[in-house]
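First the structure, in the form of structure tokens, and then the observations on it.
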Amino acid sequence: MKTILKHSKAAGTVCFLSVIVLASCKKDEANDPYTPAPAINAVVRAAAGDSAEIAAKFAEFRIIAGETLNNAPGAVNGRREVNWDGVPANLTNNNNFPGDFFGSPDSAAPNGRKRGLIVTNTGTSFRIDSTDFSGIDPSYAAQFESFSKKKLFTYLGNNVTEVTFNVPGTNTSAYTNNFGVIFSDVDQSNSTSVEYFNGVKSLGVYKALPASQGFSFIGVGFPDEKVTRVKIISGSGLLSSGVKDVTDGGTKDLVVMDDFIYSEPKALQ
């Protein structure tokens, strides 16, 4: 079953989608942005629009992820959220953010760093930014906006970011049953997507709806699957000095990320 609600605003068209994909369903649109793998049950919450509209859809996904927000290790149910705003100044507005910052196993680390989130890549150029990335190029101040003020997140090595999970506060590999991410400034319908995996098995690719200079949200839950890895493709280009967004005369759709949300990571059996 698929429900798609659309309404128009003076500034453009804003789309909201709530999708339940069952094993017996087949794609009925040639350009359907939701492509679950065969025989995979998936519950989707997705939207594109301004912050108020995204907040409403994000709140819906919180119920799917877990109504209780966990702030310390040892939880069994509930959810985790990462909005990047707690990252300290020495790791902000530079390219030095460690991918395991929110997955620390160190007992002496504050609980805020024990969220079981491991961000991986082929290099070391993660960046948390409080200036809408205007420190990289001044034009970005007009392109990007943070959903939860004031910091945004990107990877500068390429446009692919991968996420895995540990049991919070440990090095034990873990899984979740769902994961969601907010994007800033998706301009093109095929530039940005989230793919979910259970081991090596793909659970489906979900494309972000465009919202130029606004926000896009994708959140997918899998009642019958373990999500052990998430592959995020953010736009079609990399932020760099002199590189402009497609809406500012450039040739690439530049996209950055804000909040992550996922159910409490549990140990793989």
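Tabulated data
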quantity: Qualifying residue in the stretch 108-129 (condition: among the polar types (S, T, N, Q) and touching a residue at least 60 places away in the same chain (Cβ under 8 Å)); calculated: no
quantity: Test set (1) free of Cβ contacts under 8 Å to residues at least 60 places away in the same chain; (2) in contact with a Phe, Trp or Tyr (Cβ under 9 Å, 6 or more places away or on another chain); (3) of a type outside the set (Phe, Trp, Tyr) - Ser173 fails condition number; calculated: (1)
quantity: Index of the failed condition, Ser212 passing every other in (1) within 15 Å of Phe144 (Cα to Cα); (2) modelled with pLDDT of 95 or more; (3) of a type in the set (Ser, Thr, Tyr); calculated: (2)
quantity: The stretch 226-252, subset buried (at least 23 other Cβ atoms within 10 Å of the Cβ) and farther than 16 Å from Ile136 by Cα, residue farthest from the chain's Cα centre (by Cα); calculated: Val227
quantity: Hey, Gly157 more than 24 Å from Gly237 (Cβ to Cβ) and not β-branched (Val, Ile, Thr) or not; calculated: no
quantity: The stretch 45-83, subset touching a helix residue (DSSP H, G or I) at 6+ places or on another chain (Cβ under 6 Å) and farther than 19 Å from Asp100 by Cα, residue surrounded by the fewest Cβ atoms within 10 Å (Cβ to Cβ); calculated: Arg45
quantity: Residues that are in a strand (DSSP E or B), surrounded by 21 or more Cβ atoms within 10 Å (Cβ to Cβ) and not charged (D, E, K, R), drawn from the stretch 258-269; calculated: Phe260, Ile261, Tyr262, Ser263
quantity: Residue in the stretch 118-132 that is closer than 21 Å to Ala267 by Cβ, under 19 Å from the mean Cα position of the chain (by Cα) and not hydrophobic (A, V, I, L, M, F, W, C) present; calculated: yes
quantity: Subset of the stretch 189-208 (residues that are assigned to a loop (DSSP other than H, G, I, E, B) and at positive phi); calculated: Gly199
quantity: Test: residue in the stretch 178-188 that is under 24 Å from Asp132 (Cβ atoms), among the polar types (S, T, N, Q), in a loop (DSSP other than H, G, I, E, B) and touching a helix residue (DSSP H, G or I) at 6+ places or on another chain (Cβ under 8 Å); calculated: yes
quantity: Count - residues of the stretch 84-108 that are closer than 20 Å to Leu239 by Cα and either crowded, with 17+ Cβ neighbours inside 10 Å or touching a His at 6+ places or on another chain (Cβ under 6 Å) (or both); calculated: 6
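Yes/no matrix, rows are residues, columns are (1) among the aromatic types (Phe, Trp, Tyr); (2) closer than 19 Å to Ser216 by Cα; (3) modelled with pLDDT of 95 or more:
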| position | (1), (2), (3) |
| --- | --- |
| Ser107 | no, no, no |
| Ile136 | no, no, yes |
| Lys149 | no, yes, no |
| Asn158 | no, no, no |
| Gly169 | no, no, yes |
| Thr176 | no, no, yes |
| Phe183 | yes, yes, yes |
| Val186 | no, yes, yes |
| Ser189 | no, yes, no |
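Condition check ((1) touching a Pro at 6+ places or on another chain (Cβ under 9 Å); (2) among the β-branched types (Val, Ile, Thr); (3) in a loop (DSSP other than H, G, I, E, B); (4) modelled with pLDDT of 95 or more) across all residues:
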{"position": "Phe58", "(1), (2), (3), (4)": "no, no, no, yes"}
{"position": "Phe61", "(1), (2), (3), (4)": "no, no, no, yes"}
{"position": "Ile64", "(1), (2), (3), (4)": "no, yes, no, yes"}
{"position": "Ala72", "(1), (2), (3), (4)": "yes, no, yes, yes"}
{"position": "Asn77", "(1), (2), (3), (4)": "no, no, yes, yes"}
{"position": "Glu81", "(1), (2), (3), (4)": "no, no, no, yes"}
{"position": "Asn96", "(1), (2), (3), (4)": "no, no, yes, no"}
{"position": "Ile118", "(1), (2), (3), (4)": "no, yes, no, yes"}
{"position": "Gly123", "(1), (2), (3), (4)": "no, no, yes, no"}
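The values are calculated or read from the model by the stated rules, or taken from the named source; none is laboratory data. Just so it is clear, the structure is predicted and the values come from calculations on it, not from any experiment. Every residue, glycine among them, receives a Cβ derived from its backbone with ideal geometry; neighbour counts consider all protein chains shown.
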